[in-house]
Amino acid sequence: MSERLKSLLLILIFTLLASGLTLAILSQIQAYRDSQVYLATEAALPLHRVVSKANKLFSSPDLGLSFQYPASLVLAETATSVELSHKIQFKNDGECNMKGDTVTYDYLTDFRAGFRVFTGSMAQAVKYFSPYMPLENFDGENLKYSPGFIDAFAAGKLKGYAIYEGAEGCGHTIYYFPADNGRVLVVENAMVQQLSGIVSSDLEKQILAVPGAISRQKNAEILHEILESIRFN
């Protein structure tokens, strides 16, 4: 084989090797760029658009109750109840502007739910926490369903009643679930008037533009996830 042919073969071999190495390097660079674009995009999403994951555990022997909840919520416990809440920095006139005060608040509570375990029957629990309830809404120790007022509600293994108490996007919804050993789980989920769809959509957009803001839909999702995880001790 001539020296010229040998040189051409060597050049061809080196060219092929260099091309393969270049393609490998380019592929790694592109993969890195793609990962950075993904991370940047994910970080730019408002937190209320990210599906919540329950990653903290609450367990209370006194309440006989345990559940999981998102780490973004703040937990406060008393001897008889536990409350989960979330606030964002947003100047507002209060969760319900029907209060009539003129105070401006720096933070808006966009999620608040309280949990209690009542010892007694369903009727006793409702009469205690919703004393306005007319007698015709009771069927012995249970409630009568009344769509739009007393609704059926289920989450995981929990099956009970949902009662909205309020007006014009203010107030709260109370959930009653029969538990074991003659107990009733009572859950109160506060309404946020500014996010109820009652007020102007522009204000709602301003609130939801705040990083971490919890929308009405997200509020319901978070509560449902927590309820699904509840276990009675």
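Every number here is computed from the coordinates shown, using simple stated rules; none is lab data. Since the model is a prediction, treat every value here as computed from it, not as a measurement. Quick reminder, even Gly has a Cβ in these numbers, built from the backbone with ideal geometry, and neighbours come from all protein chains shown.
When you restrict to C-alpha pairs under 8 Å that are six or more residues apart and normalise by the size of the stretch 51-232, the relative contact order lands at 22 percent. Amide H contacts of GLY169: none lie under 5 Å away among residues 5 or more positions distant or on a separate chain (H built 1.01 Å from N in the peptide plane; Pro and chain starts excluded). By other beta-carbon atoms within 10 Å, ranking ILE163, ILE226 with the fewest at the front produces ILE163, ILE226. Among LYS157, LYS87, LYS218, the ranking by other beta carbons within 10 Å of each residue's beta carbon, starting with the fewest, stands as LYS157, LYS87, LYS218. For the stretch 190-215 versus the stretch 105-166, the inter-centroid distance based on Cα atoms is 25 Å. Cβ crowding within 10 Å ranks MET133, MET122, MET191 as MET133, MET122, MET191, fewest other Cβ atoms first. Residues whose amide H falls under 5 Å from that of SER130, counting only those 5 or more places apart or on a different chain, are absent, with hydrogens built in the peptide plane.
Checking the Cα-Cα distances for LYS56/LYS218; LYS91/LYS218; LYS87/LYS205; LYS56/LYS127; LYS56/LYS157 against a 24 Å cut-off, the pairs over it are LYS56/LYS127. Applying both filters, DSSP loop and at most 12 other Cβ atoms within 10 Å, to the chymotrypsin sites (Phe, Trp or Tyr not before Pro) of the stretch 161-221 eliminates every site.
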